[in-house]
Each structure stands twice: as structure tokens, then as C-alpha cells.
Amino acid sequence: MSATAPLHLAAEIGGPPRYDPAHYIDLARLAERGALDFVTLGDSFLRPGLDALAVLARVAPATHRIGLVPTVTTTHTEPFHVSSAVATLDWVSRGRAGWYVDVSTTGAEARLFGRRPAAPADELWQEAGEVADASARLWDSWEDDAEIRDAATGRFVDRDKLHHIDFEGAFFSVRGPAIVPRPPQGHPVVVVDGTGGPAARVAARHADVVLVRATAPERAAALRAELRRRAAAHGRDPRALRVLLALTVDLGDIETAPEPGLESGPPLSAGGSYYRGGPVDLAELITRWHRGGAVDGFHLTPITPGRDLERIVNGTVALLQHRGLFRTFHPGGTLREHLGLARPANRYAQERGRA
Amino acid sequence: MTTTTRPMHLAAHFPGVNNTTVWTAPRAGSQIDFSSFEHLARTAERGLFDFFFLAEGLRLREHHGRIHDLDVVGRPESLTVLAALASVTHRIGLAATVNTTFNEPYELARRLATLDHLSGGRAAWNAVTSPDAFTGENFRRGGYLDRAHRYTRAAEFVATARELWDTWTPDGTPRPFAHHGRHFGIEGEFTVPRSPQGHPVVIQAGDSAEGREFAASAADVIFTRHGTPESGRAFYADVKARLAKYGRERDELRIMPGVTFVLGDTDADAQERAAEIRLQQVSPQNAILALEQVWGRDLSGHDPDGPLPAVDPDPTASATRGRVAHGDPLETAARWRALSERKGLSTRQTVIEATGRQSFVGSPRTVAERLVEFVAADAADGFVLVPHLTPGGLDEFVDRVVPLLQERGAFRSEYGGPTLRSHLGLAEPVWKG
């Protein structure tokens, strides 16, 4: 990895539950001012708070460039609805949508639906992979130029460019095509936390952005190399995978930390990486890891979004920009453009082209 | 002109996917781009409408086993569009059609409560059922419910959603819930506090006896097809009479037919425009399609400018999937033949006349007067207007008809409150924690 590869930065804007949209709009605009690639908003059926995808849809018209990546779970939801909602977020944000894929592992979540018992993570992630696969096919089920509005023949669409996906998995089937035409980005950006085993398998196969947790650059670099190797084994271009270090940050009241680095605070969760210190030292850490080629960027989860995101943007990011290590504006309009990822070709159009 | 002391309610339907949207018109725009939704919703809000209404599609229609290609098709998912519209509107209600067959109460109640929070109390849910296994092929559940169970599930679904919306106390304390009924056995904690309206407004669409009963027992608004004064009055009397047995007052349910309109500078201009619109809606290909839907046969070789087919419909065949069929095909064919013979109409002309649903045609003054009369005659509490054009089809109505309604005291001149319930004159539900 060359040291001049662009740095990617993202931030989580969830935290203690808030029910007023202005709170989320303010945070997304703050991240947008910092030219971050995207914001995420975590969600689960257990966590007090609003539906994350709807919140980011509410945020979309109030922002212009920032990518919007809600968590949408795959265990108790309908794959057809999930793919439609994510595609619609891409439409209402004009190409800025992502989808943070997650599963529901607990019995408490299962009891909210009463349809199936809780299942092991392996099984749930296998299903999540199927949902990602079926969704991508649904996003392709309309070719980009399927709508023809041909008044001469009276045809609104060219039905040869609409496709049944006929998806038959181990967990569900979907006939297709989608109701939502192909979204502006072709495929909204798929984000997976690929630290755990079964999630890493789904990430290597389906994700555009993979979050990893590591406490040393060597470990992160090894995780990235392994993800790329597996992506290539699935026939993917390993360079089309962005691996971001997931880092929980507490910028507290400390302006400079005596011992900057990941070891300066207790880990928040098993395997989680945690930074406690000042915004300047965080910039140093990001520079060091990125220059060392360990990761493509960072996904920062502020302990206290309102306070820490402000310090990230006005402190850490400003410094990185000043040093020419991070862009000062969004040169493109879509999240894929921010990430340097190409718009995916439509598989059905390709098949038709070959036929 | 008639005056009334009972103000009417107005809503706007986004004319996206259907065979009445005139997509060939020069002013027709995108039915997908967010700017189209924004334009129509803001126009409706400028007109002080009660709510903006989106339908739902879960499977593309097919005809003779192939995807139907003549009508506007393709739309974004409603609740997500409405959450985005909450950002660019301030007062207008935001109503989504979401079916109860292929969703689960916990998830949908959460999404609806979220929209109510995000919009400051402007959310509405048109609870519908999905018709068949054809739609079910896109879902985990498949097409497992017969007609009767679809409605018992729908009723239990709405009741369960209301239980969930009541789990937080009005002072903001979450409490556990448990619902164990025929269709759902669920328990836990709901993640969203009581929303600004208490409960999002519940709309019911449908005309069957089960649908009317469901509406009388559970809905705040009923969206009907009864767009003529005669059928409107009968429907209105029937549904309002059903309320008492559920302990509800007549004013606790708003009846709003979906209606179309065509305006012109004069009544004659409007009639001329209406005829042009019908010709655009019923192209020669669409006339054949309408024929095949009734006849159940392949009539692709039939001349749309010739007479109706000599053969009778095949009542057992169904050429089109994904669309609700209305009426007995043999009866429909007999009616169409009588109409065609009486007026000497070609196939296409017959379809144009037999399937026309242009409810209000005339000058702005004429249309305003008819709307007022309709409400004064207890044929409706208001209307869901379905324009022919996306996204500018409501502009003329708001600019030219709404002021006339306001002059006559038949429609509001400003929003009275912030929530959809306040526009509709509906009380916030009593908390039943």
C-alpha cells in the first residue's frame, strides 16, 4: 500500500437515544463540514431509539455530500423490504446511501417477532450474506436504462431490461424484480464489521467497506491482507475493498495524552479498539497507521457524539487537512465517489451483452 | 353557490404507478426522483392539505406471464420517502400505504412511530392487505393467507401496533409489553416513546364488508373508491352507521374518496381536456390490455378501433397478475357490449367510456361547487385528489380551486395545529397503558 493512498474517515453519530431529528442533522452537518466520507447510525430492535434508516432519510435533504449509512439488520426483517428501503435511501440522498449490515443474535429480539428462536451467529451471518446477495441482485434487477417512455409503441419500460432474480437460498427465496428502480449508485455501499469469523466471511464476499478492530497496526494490516485474499477468492477485485479501523474515541477533557495510542484506555468491548486522549494525538495516530499502510482509514465512534465529534472535526480532521493528509472538500457527489469505488456494472446487462 | 359550515378535508395522492398517469404528456416528469415527491408534497402543503399519500407496490404486474410494460412503474419505498419529505415540509401529514400481510407488528409499529417523531406528529399509515401468493413470492412468508385470515391478521396487526404505541407512559417511561393472540405472540420492550400524535393516524382502504367493519372498528380515515354522489352517500351512511357498535362517534372516522379532476378555463375547455386525457390514458395498446383483463384471453390481434370481440370472456382465465380484479367478467362484458351498441363505440372508445373515473371536470368554479355539494350531501368528509400528472398535476388545483373553497368557508385558510390529527379534527388517542 502506498503511503499516498487517500485516507478515508467516517464517524458514528448514535449515542444515548434522542428522538428529535435536529440532533442528528446537526451531527451529520458537522461531519459534512469535516468532509468525512460518511456517518453511520447504529440500530437494533432492542436499543432504545428511532429506526436508523428513517432518521438518515430525514437527514438526507438537510445535507448535501456526506454519506449516510444506517444499520439495517437481516435476521427478523424481510429481504425484499430491506433492499427497497436501502435503495430508497440512495434515491432520496441522490447517491449517498450505505447499509451497515448486522444480525440479531438474542432471544429478546426473537421474542419481539415471535417467528423463530434465536440462532447461532454462524447461521445468522450466513443468512445475512444471502440477504446482501439477494439485495444486490434486486438492485440490478432493473437495468439502468429500463425506463424508456417510448410513446410511439406505448411502452413505459423495456421489459427485457427488467429481471426476475429467482433467488433461492437456504433461508428464503425472492422472485423479483425490485419495485424500486436501480439506485443512483447502482449498489448502495455495503458496510460490515468484519472482525468476527462469520461476519468476516460475509464481509469478504459482499462488503465495500469492512470495519476491523485491532490494537496494533500489524494486526490491522494482517486482517486487511486476509480480507483482500478472501475477496479475491470470491472473484472480486481486492483493491475495491476499503478496510477501516473501528475505533471508539473519548476525547474527554484531555488536550494531549501523555501516552497516545490505543493502549491509553480500557477496551470497551471484547476485541474493541479504544482511544482516549486529545484530538491532536488522535491525528498523529491516524497518520502513523495510515502511512504505515495498515488501514485505508478510520471509523470513529465518539463516546459522546456531540462533544467528541466536534473535537474530531475541528481538531483532528482540521489538523490532518492542514498537513495535506485529508481532503478539505468532497470532490464528488456520491458515497462511492468519496470512497474511490466504481459504480458496479449491472450483472443482468452484462449477461445480456454476452448472450 | 352552496355554502357549508362543515369544512372539507383534502389529501393528495402521488400519481406514480398506475395506468391513469399520463406519462406521455410533455409536462410529465420523473416518478422516482426525490424532487418529484418534494414538488407535489410542497404544493399540497401550500394548498393547506391534510396529508400527502403514497400507495405501495410489492410485485411488478405481469400480463401473459411477462412484466407489464405499458404503465408507469417503479417507485421508491414509501416510509423512507416520507421520512425525507418530513425534512422539506412543515405541516402536511405524511401517509404511507404499508401492508399487514408481509410485515411484522413490532418492526412496522417502530417505523411508523419513528416517522411520527421525525415529522413532529404528521405520520399516517394506510393499512392494507396483500392479495395473493403472486406477491408472496417476494417474501419469506409466501402467499399463505386466505382472504378471511388476511383481515383477521390485519385487525390484530393494527391492534398490536396500538398496544406497542401505548407501552411508554405519556411521561416517557418504557414498560414491557406482551401480546399473545391468534396471529402474533410477541413480548419485550418497545424502543420508541409515545409519539407526538399518541398514535400515527390509521387509514383503511377497501370496500368489502370485512374492510368496512375493520375501518369502523379501528381506522381514523377511510380511503374509498366511491367518487360519485350516489354511491358516496350510500357508502357514507353504511360506514358511519357501523361506528356505534364500537362505541365510536360519527366524527371519529373521516371518509375520503379518491377522486380525479380535470380543470379548464371554462366547463367546455375542461371537458375537452378530459377527453384528451382519456385518449392518452387509454392508448390502443392499453385498450387491448383492458380487454384482455376482462376477457381473460389473448386478444393481441384484436383491432382496437373495431368492435368488441364476438367471443365471450373465459371467466376461469386470468391474464393479468398483481392487480385486483373487480366484478364478474361475463357481466362486465355484457355491460360493455350494451354500451358499445347503444352509442356505436369502437373497442377503444368503449374502454375509454366504461373505465373512466374522472370525478370532477369543469372550470375551477364548477369543480369547487361540486366538491362543496358532495360534502354537504354527506357523500364524504373530503377527498384524496389523484392528479394525472407527475409532479405538477396538483399545481392548478391549489392555485385556482383552493382559493374558491376558502372564499366559501368550505376549506381552511391556515393550519390550525401542528399534527395531522389536528388537521383532521381527530383527538389524540387516550393512553391505555
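Values computed for the structure shown
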item: Per-region count, region B:95-118, residues within 18 Å of residue B:198 (Cβ to Cβ), touching a helix residue (DSSP H, G or I) at 6+ places or on another chain (Cβ under 8 Å) and touching a residue at least 60 places away in the same chain (Cβ under 8 Å); result: 9
item: Helices (runs of 4 or more DSSP H) fully within region B:323-433 counting 2 or more residues that are closer than 30 Å to residue B:32 by Cβ; result: B:347-354, B:420-424
item: Among residues of region B:111-156, those that are more than 13 Å from chain A (Cβ to nearest Cβ), polar (S, T, N, Q) and not in a loop (DSSP other than H, G, I, E, B), counted; result: 2
item: Hits in region B:409-433 - residues which are closer than 19 Å to residue B:256 by Cβ, surrounded by 15 or more Cβ atoms within 10 Å (Cβ to Cβ) and either in contact with a Gly (Cβ under 7 Å, 6 or more places away or on another chain) or not hydroxyl-bearing (Ser, Thr, Tyr) (or both); result: B:410, B:411, B:412, B:419, B:420, B:421, B:422, B:423, B:424, B:425, B:426
item: Region B:31-41 - residue that is open to solvent by less than 50 Å² (accessible area, probe 1.4 Å) and under 24 Å from residue B:91 (Cβ atoms) and, of those, nearest to the other protein chains (Cβ to nearest Cβ); result: B:34
item: For residue A:115: the one exception among (1) closer than 24 Å to residue A:176 by Cα; (2) crowded, with 24+ Cβ neighbours inside 10 Å; result: (2)
item: Test: residue A:65 is in contact with an Asp or Glu (Cβ under 7 Å, 6 or more places away or on another chain) and open to solvent by 10 Å² or more (accessible area, probe 1.4 Å); result: yes
item: Among (1) within 14 Å of chain B (Cβ to nearest Cβ); (2) over 18 Å from residue B:87 (Cβ atoms), the one test that residue A:52 misses; result: (2)
item: Residue among A:29, A:58, A:18 that is within 14 Å of chain B (Cβ to nearest Cβ), without any contact (Cβ under 8 Å) to a residue 40 or more places away in the chain, under 18 Å from residue B:117 (Cβ atoms) and within 19 Å of the chain's Cα centre (by Cα); result: A:58
item: Among the candidates B:83, B:28, B:44, B:12, residue that is within 11 Å of another protein chain (Cβ to nearest Cβ) and open to solvent by less than 10 Å² (accessible area, probe 1.4 Å); result: B:83
item: Residue under evaluation residue B:107, criteria (1) more than 7 Å from every other protein chain (Cβ to nearest Cβ); (2) assigned to a helix (DSSP H, G or I); (3) open to solvent by 10 Å² or more (accessible area, probe 1.4 Å), criterion not met; result: (1)
item: Total residues in region A:207-224, condition open to solvent by 10 Å² or more (accessible area, probe 1.4 Å), touching a Gly at 6+ places or on another chain (Cβ under 7 Å) and hydrophobic (A, V, I, L, M, F, W, C); result: 1
item: Lone qualifier among B:30, B:35 - being hydroxyl-bearing (Ser, Thr, Tyr), assigned to a helix (DSSP H, G or I) and over 21 Å from residue B:204 (Cβ atoms); result: B:35
item: Verdict on residue A:226 being free of Cβ contacts under 8 Å to residues at least 60 places away in the same chain and within 14 Å of chain B (Cβ to nearest Cβ); result: no
item: Output for region B:86-104, where each listed residue is more than 7 Å from chain A (Cβ to nearest Cβ), closer than 12 Å to residue B:122 by Cα and not in a loop (DSSP other than H, G, I, E, B); result: B:93, B:94, B:95, B:96
item: Yes/no for residue B:178 being within 12 Å of chain A (Cβ to nearest Cβ), farther than 29 Å from residue A:89 by Cα, hydrophobic (A, V, I, L, M, F, W, C) and without any contact (Cβ under 8 Å) to a residue 24 or more places away in the chain; result: yes
item: Residue check, residue B:61 within 26 Å of residue B:204 (Cα to Cα), over 19 Å from the mean Cα position of the chain (by Cα), surrounded by fewer than 24 Cβ atoms within 10 Å (Cβ to Cβ) and of a type in the set (Lys, Arg); result: no
item: Conditions (1) part of a loop (DSSP other than H, G, I, E, B); (2) farther than 29 Å from residue B:109 by Cβ; number of the one not met by residue B:59; result: (2)
item: Test set (1) in contact (Cβ under 8 Å) with a residue 60 or more places away in the chain; (2) under 16 Å from residue B:32 (Cβ atoms); (3) among the β-branched types (Val, Ile, Thr) - residue A:92 fails condition number; result: (1)
item: Single residue of region A:85-95 satisfying the filter (open to solvent by less than 10 Å² (accessible area, probe 1.4 Å) and not hydrophobic (A, V, I, L, M, F, W, C)) that is farthest from the other protein chains (Cβ to nearest Cβ); result: A:95
item: Subset of region A:69-82 (residues that are of a type outside the set (Val, Ile, Thr) and more than 9 Å from chain B (Cβ to nearest Cβ)); result: A:70
item: Answer residue from region B:184-197, given it is surrounded by 20 or more Cβ atoms within 10 Å (Cβ to Cβ) and part of a strand (DSSP E or B) and is farthest from the other protein chains (Cβ to nearest Cβ) among those; result: B:195
item: Residue A:110 within 12 Å of chain B (Cβ to nearest Cβ), out of contact with any helix residue (DSSP H, G or I) (no Cβ under 9 Å at 6 or more places or on another chain), open to solvent by less than 10 Å² (accessible area, probe 1.4 Å) and hydrophobic (A, V, I, L, M, F, W, C); result: yes
item: Lone qualifier among A:231, A:220 - being in a helix (DSSP H, G or I) and over 21 Å from residue A:9 (Cα atoms); result: A:231
item: Matching residues in region B:279-319 - criterion: being out of contact with any Lys or Arg (no Cβ under 8 Å at 6 or more places or on another chain), within 14 Å of another protein chain (Cβ to nearest Cβ) and open to solvent by less than 50 Å² (accessible area, probe 1.4 Å); result: B:281, B:283, B:286, B:288, B:289, B:290
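Condition check ((1) touching a Cys at 6+ places or on another chain (Cβ under 7 Å); (2) open to solvent by 70 Å² or more (accessible area, probe 1.4 Å); (3) within 14 Å of chain A (Cβ to nearest Cβ); (4) not in a helix (DSSP H, G or I)) across all residues:
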| residue | (1), (2), (3), (4) |
| --- | --- |
| B:204 | no, no, no, yes |
| B:210 | no, yes, no, no |
| B:215 | no, no, no, no |
| B:226 | no, no, no, yes |
| B:230 | no, yes, no, no |
| B:235 | no, no, no, no |
| B:241 | no, yes, no, no |
| B:257 | no, no, no, yes |
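The values are calculated or read from the model by the stated rules, or taken from the named source; none is laboratory data. As the structure is a computational prediction, the values presented were derived from the model and not from experiment. In this analysis, Cβ positions are derived from the backbone assuming ideal geometry, glycine residues included, and neighbour counts consider all displayed protein chains. Heads up: the accessible areas ignore ligands, DNA and RNA and are worked out on the full protein's heavy atoms, side chains in. Shrake-Rupley method; radii C 1.70, N 1.55, O 1.52, S 1.80 Å.
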